[in-house]
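This report concerns only the one structure given below.
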Amino acid sequence: MSGEAAAVGGGGGGGGGEANGIPPNVTIYINNLNEKIKLEELKKSLNAVFSQFGKILDVLAFKTLKHKGQAWVVFEDVASATEAIKRMQDFPFYDKPMRIQYAKTKSDIVAKADGTFVPRERRKRVDEKPEKKQKREQHHDASQIGMGVNAYPGVYGAPQLTQLPIAGGQRVMMPEIIVPNNILFVQNLPHETTPMMLQMLFCQYPGFKEVRMVEAKPGIAFVEYGDEAQATAAMTPLQGFKITKENQMVITYAKK
């Protein structure tokens, strides 16, 4: 999919596609990303942050100097891409505000779906401007990435638990007694989840303080807010949020 990267790479971030003369489409182009973040961690975090707006078909980022600080996220529909641009414009992602717009070209995965895909070699021959040919980059499927958990030592106690079944035949630990407070207890996380990925999700809501994960117990985390009301305001929209297709977050109050 390097053709998309080559075509969009020089474009500036900023407003939505219409303002830049680019028609709305399912792929968004993001720049001004923190270049110090490792490529695979960047892809994983982008997927975690943007999946709240709709199904993601692909996340693209490249190691080359020309494409550093940039990425592309391909959604299943235009409405999801539009909402992502609207909601995440200037969002502080790894301490830098994201600049987002619609991508200038159709991604390969979308072209294959609608029957307009042309192999890269054939594109070289029919390209109107061959002088602008770009080198191909190897595409790494973000869905195959495995990441270690850089866990913080836990300081909060998890509530007394009992097992309850959830969809898909899985079982999840649920607290027997729930007392509302400012700390959320998050379960059913994929083991590759990192504190930074969760921070990107929960810091969107007022009062966010920190995320804590327990190294000895992957799959759970604690998220602290300034007060009980702020914790509740974050819990409601994120309840059931899917970081992956298989992992639907279960959020309760923590036992302090």
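One table, with the values for the structure above:
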| quantity | calculated |
| --- | --- |
| Radius, Kirkwood style, for segment 210-256 when every pair of distinct Cα atoms is counted (Å) | 11.8 Å |
| Under Karplus coefficients 6.51, -1.76 and 1.60, residue-wise ³J(HN,Hα) of segment 70-85 in Hz, glycine/proline x | 10, 7, 10, 10, 9, 9, 6, 9, 5, 4, 5, 5, 5, 5, 4, 5 |
| Of Lys96/Lys209; Lys38/Lys255; Lys55/Lys96, pairs whose Cα-Cα distance is over 27 Å | Lys38/Lys255 |
| Residue-level accessible surface for Phe93, protein heavy atoms, 1.4 Å, Å² | 0 Å² |
| Most to least accessible of Asp77, Asp90 (protein chains only, probe 1.4 Å) | Asp90, Asp77 |
| 11 Å beta-carbon shell around Lys209, net charge (K/R +1, D/E -1) | -2 |
| Lys38 accessible area, 1.4 Å probe, all protein chains in place, Å² to nearest 10 | 150 Å² |
| 3J(HN,Hα) from dihedral phi, segment 56-65, Karplus parametrisation 6.51/-1.76/1.60, rounded to Hz, x for glycine, proline | 9, 8, 6, 10, 10, 7, 10, 7, 5, 4 |
| Rounded to the nearest 10 Å², the accessible area of Arg99 at probe 1.4 Å | 80 Å² |
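The values are calculated or read from the model by the stated rules, or taken from the named source; none is laboratory data. Just so we're clear, the structure is a prediction, and the values are computed from it rather than from any experiment. Glycine gets a Cβ as well: all are built from the backbone with ideal geometry, and neighbour counts include every protein chain shown. Accessible surface areas use protein heavy atoms only, side chains included; no ligands, DNA or RNA. Shrake-Rupley method; radii C 1.70, N 1.55, O 1.52, S 1.80 Å.
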